[in-house]
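The values are calculated or read from the model by the stated rules, or taken from the named source; none is laboratory data. Here the structure is a predicted model, which means the values were calculated and not measured. Please note: Cβ atoms are built from the backbone with ideal geometry, for glycine as well, and neighbour counts cover all protein chains shown. Quick note on the areas: whole protein, heavy atoms, side chains included, nothing else; ligands and nucleic acids left out. Shrake-Rupley method; radii C 1.70, N 1.55, O 1.52, S 1.80 Å.
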Amino acid sequence: MASVVEYKGLKAGYHCGYCDSEEGKASCGMWAHSMTVQDYQDLIDRGWRRSGKYVYKPVMNQTCCPQYTIRCRPLQFQPSKSHKKVLKKMLKFLAKGEISKGNCGDEPMDSTVEDAVAGDFALINKLDIKCDLKTLSDDLKESLENEEMKKERNSKKEESNELIHSQAIEEKLGSGEPSHSIKVHTVPKPGKGADLSKPPCRKAKEIRKERKRLKLMQQNPAGEHEGFQAQGQPPSLFPPKAKSNQPKSLEDLIFESLPENASHKLEVRVVRSSPPSSQFKATFQESYQVYKRYQMVIHKDPPDKPTVSQFTRFLCNSPLEAENPPNGPESGYGSFHQQYWLDGKIIAVGVIDILPYCVSSVYLYYDPDYSFLSLGVYSALREIAFTRQLHEKTSQLCYYYMGFYIHSCPKMKYKGQYRPSDLLCPETYVWVPIEQCLPSLENSKYCRFNQDPEAVDEGRSKEPDRLQVFHKKAIMPYGVYKKSQKDPGEEATVLQYARLVGQACSERMLLFRS
């Protein structure tokens with residue numbers, strides 16, 4: 001199925017939850033009826049982001065708090081001191097039930113961020129998106145058949161005249177602690193006379209670790225979830241490792257073996273949220289209750305605000321088409337909930353998209369009773385480890401997208417602490433290491449990060465006439481469509497859309513015009 005989008009244009013002058021400006025926020029948005037994972041990957045690489053089925057892009061040089069797309073490079077990631085503290089705290093809790101005293105308030109999400117959401121929600125309510133999805137998908141199916149493009153798949157049946165809203169929620173992740181400089185340790189190359197008393201070369205160790213992991217997954221009957229299981233906490237089958245002079249990897253710190261009589265058991269399950277899998281449906285009510293408590297306690301929502309329909313529209317509905325190519329990850333591509341099960345109950349859920357080149361973090365919610373575990377930070381570290389795990393089978397999948405970095409908002413700067421990371425240049429859409437961007441951001445909220453003044457947006461729309469339009473049950477290039485259009489504003493709208501999505505997406509995605 002091709003991506004089908006309905007462009008809604010520019011919405012400026014609405015409330016911003018980051019700086020509390022009454023009318024400083026500006027973004028362009030579109031409603032995605034369906035979207036391929038490749039199209040969404042290309043869109044987030046041009047500064048777009050989804051909230052439910054609403055896909056939006058801040059107008060960077062106009063909005064009060066510019067939101068720069070940020071990605072971490074998991075293959076080179078080294079946990080900082082504060083990250084290690086969070087992982088050790090979790091291990092202590094699981095092993096002995098110890099709850100460390102001290103500051104638990106390192107979760108940056110608070111009501112000011114939630115206000116950002118409220119502003120966007122109001123905006124999207126105003127859009128009042130009423131689409132007869134069934135008719136639209138039937139029309140599309142018919143026209144694809146006419147063009148002999150039909151793939152052997154029935155279009156999704158959705159209720160007619162469903163009133164759809166979405167909430168452009170601004171994100172998740174943890175740690176308000178100051179960033180630490182990260183020392184990247186290199187392992188000395190063995191000389192001619194290799195010292196056998198030193199720990200074995202990493203390769204053999206990796207092989208043993210993989211064997212151990214497979215053995216554990218065979219022993220763990222819970223590994224049947226969707227035939228795919230993000231590693232749970234392995235039981236202690238092996239004695240603790242001897243101290244080596246090599247720094248512990250992220251996986252060593254997460255999956256450190258627990259004693260036989262551990263106080264708690266933590267398991268992480270990945271369930272497909274769209275289309276909903278049987279495991280997702282079976283745990284929906286429990287997951288929703290965690291979300292409701294999170295919104296009420298952490299974001300001070302009144303009890304009637306976090307409704308089932310709000311939860312569904314914002315965190316369960318997704319335009320992404322599920323894809324399961326043979327060379328892709330075991331789970332396939334698309335939208336998922338990563339559920340954290342402690343002693344048989346859900347305590348946190350990370351909403352993620354698995355895309356061709358990355359794991360993209362959408363949101364995190366958790367049971368407020370477990371705030372002391374710094375679940376924002378913990379889940380981000382687990383998602384980085386998860387990306388590394390997917391990379392083993394699918395080599396091009398090697399980035400972890402954390403949503404938007406907002407330098408002008410202190411509460412959103414914590415994302416820069418997962419290093420190494422890059423920010424997306426808002427003019428040329430190239431990735432620039434965050435260290436090179438920070439000095440410019442100290443001087444100005446809006447920055448072009450690409451230092452080459454000659455550089456242009458290579459993926460820009462060069463031939464708008466090739467853009468695909470879906471109009472009156474037919475698919476046609478914009479060059480044909482525009483001949484039948486009398487409205488002078490129509491060309492400006494379509495060209496604005498083309499400029500924002502770029503040439504490649506404009507030729508693949510179908511722009512629905514009524």
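Laid out as a table, the results:
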read-out	value
Mean-position separation - Cα centroids, region 469-484 and region 356-408, in angstrom	40 Å
Region 8-86: C-alpha gyration tensor shape, a/c 1.5 cut-off, then a/b vs b/c	oblate
Shape box of region 282-333 [Cα atoms, principal axes, largest first, Å]	46, 20, 18
Amide H contacts of TYR363 (H built 1.01 Å from N, under 5 Å, at least 5 apart or other chain)	VAL351
Globularity index of region 1-41, i.e. its alpha-carbon radius of gyration over 2.2 N^0.38 Å	1.55
Protection proxy ranking of 323-330, 15-22, 359-366, 62-69 - average other beta-carbon atoms within 10 Å, highest first	359-366, 62-69, 15-22, 323-330
Accessible surface, 1.4 Å probe, highest first, among residues ARG272, ARG388, ARG508	ARG508, ARG388, ARG272
Once the Cα gyration tensor of region 256-312 is diagonalised, semi-axes √(5λ) in Å	28, 19, 8
For region 470-514, convex hull of alpha carbons as volume per residue, Å³	70 Å³
Within the accessible area of region 297-418 (1.4 Å probe), percent carbon and sulfur	54 percent
Whole-number accessible area per residue in Å² for region 22-92, which is evaluated in the context of all protein chains at 1.4 Å	28 Å²
Computed FRET value (nearest 0.05) for ASP487 with LYS281, which takes r as the C-beta separation and R₀ as 45 Å	0.50
